[in-house]
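Shown next, in structure tokens, is the structure this report addresses.
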Amino acid sequence: MIQGPTVVSLFQTTGEEREKARKQLVQKLKILEEHALGDKKFSGGEAINLVDIEFGVLAHWVEGMEEVMGLQLLKPGTLPQLRQWIKNFKEVAVIKENLPDKAKLLAHMKVVRELFVFNVSG
């Protein structure tokens, strides 16, 4: 649902096209927030389950994408449940202990971005 052409489009595009892709992704994240989270701490309630683990990539990658690409997907005031879910998810001991190194993640994302932009424009 989330990892589709929209995420790839963020890496491949610049300018107006990237903004269009960002808006599309935010709309998909709103659907996720509304249907999977509601007012619960995690998708299943008070403890993480397989749905949370499946979407766990969002917890670390979204922040990295924002930093590498200089855009905001989770602006303050938007997607409040998703923002809280990310915070809650990253505080679960087993998740916290296994998050990838942020510097390595950012370096990887920069390389991926450069490859995508080069392949599209070059």
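The values are calculated or read from the model by the stated rules, or taken from the named source; none is laboratory data. None of the values given here were measured: they were computed from a predicted structure. Methodologically, a virtual Cβ is constructed for each residue, glycine included, from the backbone with ideal geometry; neighbour enumeration extends over all protein chains shown.
Remarks
- Residues of the stretch 1-42 classified as among the polar types (S, T, N, Q) and touching a residue at least 40 places away in the same chain (Cβ under 8 Å), total: 4
- Of everything in the stretch 20-77 that is surrounded by 13 or more Cβ atoms within 10 Å (Cβ to Cβ) and of a type in the set (V, I, T), the residue that is nearest to N88 (Cα to Cα) is I48.
- Tally of residues being within 17 Å of L79 (Cβ to Cβ), modelled with pLDDT under 90 and not acidic (D, E) across the stretch 37-50: 4
Rundown of residues vs (1) more than 23 Å from K40 (Cβ to Cβ); (2) without any contact (Cβ under 8 Å) to a residue 60 or more places away in the chain, yes/no style:
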position	(1), (2)
L71	yes, no
G77	no, yes
W85	no, yes
E97	yes, yes
A103	yes, yes
L106	yes, yes
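- The number of residues in the stretch 1-17 that are part of a helix (DSSP H, G or I) and crowded, with 17+ Cβ neighbours inside 10 Å comes to 6.
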